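Before any comments, here is the structure.
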Amino acid sequence: MLSELGLGGHARAAEGHGDRVEARDAVPADPLLRQTWDHLVEKPRGVQAVLAGIGPHLREPVLERLVARGDIERGTRKALGLFETTVLEGDGGPRRAALVAEVRAVLVDGAEPSPRTAALAALLFASGAMPQLHGEIPWTSPVIARATALQQGDWGAGAAADAVNRTMTAIVTNNVVIAASVLPNR
């Protein structure tokens, strides 16, 4: 959400505060983005605080949106042969395939990324999820080097306006790395 707010011009890194994010005047139309933006409008906040504050509240609405779009489905299974449990199923469909193809083109083929693709690749790498895509994006030293550069906000885009987005993405991804290494696995 923070990367999307930054890319859309709704939030930015707070000046003079390397790990803080502040809302901009541009109000997002999307209700999920608006929920995060409303949290930031009160005052600039540290990325960790934003992630902790909004993350748990956004999980279910994001999953519902993915189900409504047909990207995933809800199903049921028996756990321990006795208890019925709800599971998420599916391969993400054509939308996931297109996103993975864009990230692969950037990381493997060296294509110039759009700001959104660069942010997605950086977040995938920072979250530790990239090795799970090994069948689609080989987990090699050049891929790791390119992903690391993207995580640090360096994707070669020349426009000065993209600097804010790169900074925002670098702040968010670095905090994802910290959160992943500090928070217990669930």
request  = For the range 23-44, enumerate the residues that are open to solvent by less than 40 Å² (accessible area, probe 1.4 Å) and either in contact with a strand residue (DSSP E or B) (Cβ under 7 Å, 6 or more places away or on another chain) or farther than 20 Å from Arg116 by Cβ (or both).
outcome  = Ala23, Trp37, Leu40
request  = Under 9 Å between Cβ atoms, at least 6 apart or on separate chains: pull out the pairs that start in the range 63-83 with a residue that is at positive phi and end on any residue that is of a type in the set (Gly, Ala, Ser).
outcome  = Gly70/Gly90; Gly70/Gly93
request  = Only residues that are under 18 Å from Met130 (Cα atoms), exposed (fewer than 14 other Cβ atoms within 10 Å of the Cβ) and either hydrophobic (A, V, I, L, M, F, W, C) or in contact with a Cys (Cβ under 8 Å, 6 or more places away or on another chain) (or both): list them for the range 84-100, please.
outcome  = Ala97, Ala98
request  = Confirm whether Val50 is surrounded by 13 or more Cβ atoms within 10 Å (Cβ to Cβ), part of a helix (DSSP H, G or I) and either polar (S, T, N, Q) or free of Cβ contacts under 8 Å to residues at least 40 places away in the same chain (or both).
outcome  = no
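Arg20 - would you say it is surrounded by 12 or more Cβ atoms within 10 Å (Cβ to Cβ), in contact with a Pro (Cβ under 7 Å, 6 or more places away or on another chain) and at pLDDT 85 or above? Break it down stepwise before answering.
Numbers: surrounded by 12 or more Cβ atoms within 10 Å (Cβ to Cβ): yes; in contact with a Pro (Cβ under 7 Å, 6 or more places away or on another chain): yes; at pLDDT 85 or above: no.
Spelling it out, it is not the case that Arg20 is surrounded by 12 or more Cβ atoms within 10 Å (Cβ to Cβ), in contact with a Pro (Cβ under 7 Å, 6 or more places away or on another chain) and at pLDDT 85 or above.
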message = Checking Gly8 against (1) surrounded by fewer than 18 Cβ atoms within 10 Å (Cβ to Cβ); (2) at pLDDT 85 or above; (3) in contact with a strand residue (DSSP E or B) (Cβ under 8 Å, 6 or more places away or on another chain): exactly one of these is not met. Which one?
response = (3)
remark   = Counted residues in the range 59-83 being surrounded by 11 or more Cβ atoms within 10 Å (Cβ to Cβ) and among the hydroxyl-bearing types (Ser, Thr, Tyr) come to 0
query = Val67 versus (1) farther than 28 Å from Gly153 by Cβ; (2) modelled with pLDDT under 90: which is the lone unmet condition?
reply = (2)
ask   = Based on what the data block shows, is Gly128 modelled with pLDDT under 85, under 19 Å from the mean Cα position of the chain (by Cα), open to solvent by less than 40 Å² (accessible area, probe 1.4 Å) and at positive phi?
value = no
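The values are calculated or read from the model by the stated rules, or taken from the named source; none is laboratory data. Remember, predicted model here, so these are calculated numbers, not experimental data. Cβ sites come from the backbone with ideal geometry, for glycine too, and all protein chains shown count toward neighbours. Accessible surface is based on the protein model in full, side chains and every heavy atom, while ligands, DNA and RNA are left aside. Shrake-Rupley method; radii C 1.70, N 1.55, O 1.52, S 1.80 Å.
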